[in-house]
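I have placed the structure first, in the form of structure tokens, so that the comments after it can refer back to it.
The values are calculated or read from the model by the stated rules, or taken from the named source; none is laboratory data. This one's a predicted model, so the numbers in the text were calculated from it and none came from an experiment. Positions of Cβ are backbone-derived with ideal geometry, glycine not excepted, and every protein chain shown enters the neighbour counts.
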Ligand SMILES: Nc1ncnc2c1ncn2[C@@H]1O[C@H](COP(=O)(O)OP(=O)(O)O)[C@@H](O)[C@H]1O
Ligand SMILES: O=C(CO)[C@H](O)[C@H](O)COP(=O)(O)O
């Protein structure tokens, strides 16, 4: 039997199929034409494109599917799971700009904002991106996992929606929350028939894209952390203690009986892409001397605003002066991001998380050896590159192991 992980990341969607031994047997990608303006129609097209790309023999023997999505991307859908309005992406700030007396958790604020838009009278479900895609596969809406639900205000300690959230008008649209990996249902008959999928294939509750990348690495020991060097810079430290601080943008996801303490900076590969192609990044990085400081003091951001290691919605990018030498400029950018990462882990330690022992790197930037060395110098612990850090692989592991993945 085979297990399919579907990752809906910032810049596109990916599929990964593993066999019973956990070996990758198939991978595919479906890009978005305009990632910045992606919407539900792009995700649905990518979902069906990825299913169609799978070899028929794998489709026929598929035992389970799990989907991960960008954390904080939400939509309202009607009874038939049709979106009633465009989704709000994880980085959409419009909902936070309102004049609500009490600030709401980020994704809940987005839901309340969506409820004020045209068409919302038909809304039946508030869903995160991964929930909606899983619901398209089962045909059943109204379910989510406790990872995606965290930014909507779900209490991971009590495993319930807080009473004050249950008293809000949006409560009637909120999904029921289960552990990631829980069986949500079987693939719906129509989709199974259309793609010749095993009709007994199960769909499991998913997770967020960064947690899927964490799961992909196979890290299991407290004190080990995964830094995702994707479009954004996401830190996740496996900790025996949960830590939280709104002031510093720190939160903890439940991970079975352990916690994933961390936060997400707006810095990351998205800034690098504003200046360099991936090929240029690879070429220039080889000329960097990672043990010699660049002498530059950047705070690389793609636009104003930071969320972690400080919550500073108006913080400006600091990217000047720009030297004429691109090698030195890139060196300065990578150092700036390494400092943010080091501050982030220091913050987790201050707040009482399990002390950091080792960092594993995942995401597009993890193949950059010069950056790894710069980061190791800044972090003061060994930094290794994940053998497997693809979120789609993590989702495939979740499809296979289900709730047993979490200790
Ligand atoms: N050699 C490299 N060094 C540093 N960053 C890189 C390199 N190659 C690609 N990247 C960055 O990796 C990012 C893409 O990583 P990926 O994990 O696919 O992101 P996401 O899942 O957020 O879409 C891009 O922003 C790109 O700038
Ligand atoms: O920038 C992101 C888009 O998804 C990060 O992945 C995200 O903010 C991290 O969130 P989480 O800790 O809930 O996985």
Worksheet item: Consider residue 83 against the criteria (1) farther than 23 Å from residue 161 by Cα; (2) surrounded by fewer than 20 Cβ atoms within 10 Å (Cβ to Cβ): it satisfies all of them except one. Which criterion is unmet?
Response: (2)
Discussion item. Take the residues in region 324-365 that are assigned to a loop (DSSP other than H, G, I, E, B) and exposed (fewer than 15 other Cβ atoms within 10 Å of the Cβ); name whichever of them is farthest from ligand 1 (Cβ to nearest atom).
Written reply: 352
Fill in: Filtered residue count, region 30-46, keeping only those that are under 27 Å from residue 115 (Cβ atoms) and surrounded by fewer than 22 Cβ atoms within 10 Å (Cβ to Cβ)
11
Worksheet, complete the sentence: Filtering helices (runs of 4 or more DSSP H) wholly in region 95-177 for at least 2 residues that are more than 23 Å from residue 210 (Cα to Cα) and within 15 Å of ligand 2 (Cβ to nearest atom) gives none
Worksheet entry | Matching option when the condition is surrounded by 24 or more Cβ atoms within 10 Å (Cβ to Cβ), within 16 Å of ligand 1 (Cβ to nearest atom), modelled with pLDDT of 95 or more and not assigned by the TED database to the domain that holds residue 182, among 233, 237 | 233
Worksheet item: If you take the residues of region 304-322 that are in contact with a helix residue (DSSP H, G or I) (Cβ under 9 Å, 6 or more places away or on another chain) and surrounded by fewer than 15 Cβ atoms within 10 Å (Cβ to Cβ), which of them is farthest from residue 344 (Cα to Cα)?
Response: 322
Item to complete: Tally the residues that are free of Cβ contacts under 8 Å to residues at least 60 places away in the same chain and either surrounded by 22 or more Cβ atoms within 10 Å (Cβ to Cβ) or part of a helix (DSSP H, G or I) (or both), restricting the search to region 49-72.
Response: 5
Discussion item. Can you pull out every residue in region 181-234 that is within 9 Å of ligand 2 (Cβ to nearest atom) and in a strand (DSSP E or B)?
Written reply: 207, 208, 228, 233, 234
Practice prompt. Scan region 176-227 for residues that are closer than 15 Å to residue 134 by Cα, surrounded by fewer than 17 Cβ atoms within 10 Å (Cβ to Cβ) and without any contact (Cβ under 8 Å) to a residue 60 or more places away in the chain and jot them down.
Written response: 176, 185, 189, 190
Worksheet entry | Condition met for residue 293 (under 14 Å from residue 344 (Cβ atoms), touching a residue at least 24 places away in the same chain (Cβ under 8 Å) and away from ligand 2 (no atom under 11 Å from the Cβ)) | no
Worksheet, complete the sentence: Scanning region 235-253 residue by residue, those in a loop (DSSP other than H, G, I, E, B) and either out of contact with any helix residue (DSSP H, G or I) (no Cβ under 8 Å at 6 or more places or on another chain) or near ligand 2 (Cβ under 9 Å from one of its atoms) (or both) turn out to be 240, 241, 242, 244, 246, 247, 249
